[in-house]
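Q: Shown below is the structure under consideration.
The values are calculated or read from the model by the stated rules, or taken from the named source; none is laboratory data. The structure displayed is predicted, hence computed values, not measured ones. Neighbour counts are summed over all protein chains in view; Cβ atoms, including those assigned to glycine, are modelled from backbone coordinates with ideal geometry. Heavy atoms of the whole protein, side chains included, go into the accessibility calculation; ligands, DNA and RNA do not. Shrake-Rupley method; radii C 1.70, N 1.55, O 1.52, S 1.80 Å.
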Amino acid sequence: MRQGLPTGAVYSVFEDTDSMVWLGTNGEGACQYSGLYLRCLTSLHGLNNNRVWDIARSASGDFWFATDQGVSVLKGQSMYQVYRGDTVFDTKVNDILLVKDRVFIATDNGLYVISNGVLSKLESDVILKVNRLAQKEGSSIWLATDSGLYTLENSILHRIDLAGPACQGPVAALAPTNESLWLGITGRGVCQLDFG
């Protein structure tokens, strides 16, 4: 590792369109790396928490940070805390997915959506610990949860039954490709779901 990079665990990597790489770290905040210099934004700069699990960028250029204590947004040079103090975000935010004018927020207490500036929780019969979110362009949103794989269509959750013992268990990671969805299954390894 090059000198100057974060010394702790890196939870997420986001490549910016400006030849910068953002790193979500375990305790050092959200760090921007250009290959020449490193700049870390921390709670001293307004970040909710210095443990950053995911980073996303909106079409308008704002950066969204999923932290151990909620969501922060960097607009230009100013950091804002999203719904800070709301008991909704007294929990870890695992992932953020920006889809058009909506923000999907994966937490240990379920899935939340910000639409038109209003925060709401997706109602479900089961309390889901949502680990990761993904979307193949123009398709459903996929949810990796401790209860398995789900899709979200028209605000309704659908559980996907996965065949084979290797695909059973908590889904910790998602990676869609053109033909399939790759799943990281806790304690089992990798599983592939074909779209065809």
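Q: Have a look at VAL103, ILE156, LEU38 and report the one farthest towards the positive end of the charge dipole of the chain, computed about the Cα centre with Cβ charges (Lys/Arg +1, Asp/Glu -1).
A: LEU38
Q: Could you work out the longest stretch of the chain that avoids the GluC sites (Glu not before Pro) located in DSSP loops with at most 12 other Cβ atoms within 10 Å?
A: Working: sites that count: GLU123, GLU137, GLU179.
Value returned for the longest uninterrupted segment is 1-122.
Q: Which of these, ALA59, ALA30, ALA144, has the largest mean-square fluctuation under a Gaussian network model of the chain (Cα springs below 10 Å)?
A: ALA59
Q: Which residue fluctuates most in the GNM of the chain (Cα springs below 10 Å): GLY184, GLY76, GLY24?
A: Of GLY184, GLY76, GLY24, the Gaussian network model singles out GLY76 as fluctuating most.
Q: Still on this structure: Treating cross-link reach as a plain straight distance, find the lysines whose alpha-carbon is under 17 Å from the alpha-carbon of LYS92, omitting any fewer than eight places away in the same chain.
A: Correct list for LYS92: LYS121, LYS129.
Q: Counting other C-beta atoms within 10 Å, and keeping those with at most 10, which DSSP coil trypsin sites (Lys or Arg not before Pro) do you find in the stretch 42-144? Before the final figure, lay out the partial values.
A: Details: sites: ARG51, ARG57, LYS75, ARG84, LYS92, LYS100, ARG102, LYS121, LYS129, ARG132, LYS136; in loops: ARG84, LYS92, LYS100, LYS129, LYS136.
Of the trypsin sites (Lys or Arg not before Pro), the ones in loops of the stretch 42-144 whose Cβ has at most 10 other Cβ atoms within 10 Å are LYS100.
Q: Taking the Cβ-Cβ separation of LYS100 and LEU36 as r and a Förster radius of 45 Å, what is the calculated FRET efficiency to the nearest 0.05? List each step's numbers first, then the result.
A: On the way: r = 35 Å, r/R0 = 0.77.
The computed FRET efficiency comes out at 0.85.
Q: Counting Lys and Arg as +1 and Asp and Glu as -1, each charge on the Cβ, what is the dipole of the stretch 41-196 about the Cα centre in debye, to the nearest 20?
A: Details: 13 positive and 16 negative charges, 65 e Å.
Dipole of the stretch 41-196, to the nearest 20 debye: 320 debye.
Q: Grab the Cα-Cα distance for GLU153 and ASN26, subtract it from 0.36 nm times how many residues apart they are, and report the gain in nm with one decimal. Walk me through the numbers on the way to the answer.
A: Values: separation 127, 0.36 × 127 = 45.72 nm, distance 3.31 nm.
Answer, rounded to one decimal: 42.4 nm.
Q: Also: Computing the accessible area with a 1.4 Å probe over protein heavy atoms, can you report the carbon and sulfur percentage for the chain? Present the calculation step by step, with values, prior to reporting the outcome.
A: Details: 5030 of 10300 Å².
After summing per-atom areas, the C and S share lands at 49 percent.
Q: Defining a contact as two alpha carbons under 8 Å apart and six or more residues distant in sequence, what relative contact order in percent does the chain show? Walk me through the intermediate numbers first.
A: Values: 471 pairs, mean separation 17.8, N = 196.
After rounding, I find 9 percent.
Q: Does the chain come out rounded, prolate or oblate by the C-alpha gyration tensor, with a ≥ b ≥ c the root eigenvalues, rounded set by a/c under 1.5 and, if not, prolate when a/b is larger than b/c and oblate if not? Each step should come with its number before you reach the end.
A: Working: a/c = 1.77, a/b = 1.40, b/c = 1.27.
Verdict is prolate for the chain.
Q: Which value, in Å², gives the accessible area per residue of the chain when a 1.4 Å probe is used on the protein heavy atoms? All intermediate terms of the calculation are to be shown ahead of the outcome.
A: Values: 10300 Å² over 196 residues.
Solvent-accessible surface per residue comes out at 53 Å².
Q: Another one. May I ask you to derive the relative contact order of the stretch 124-175, considering only C-alpha pairs under 8 Å and at least 6 residues apart, and to give it as an integer percent?
A: On the way: 87 pairs, mean separation 17.3, N = 52.
Once normalised by length, the contact order is 33 percent.
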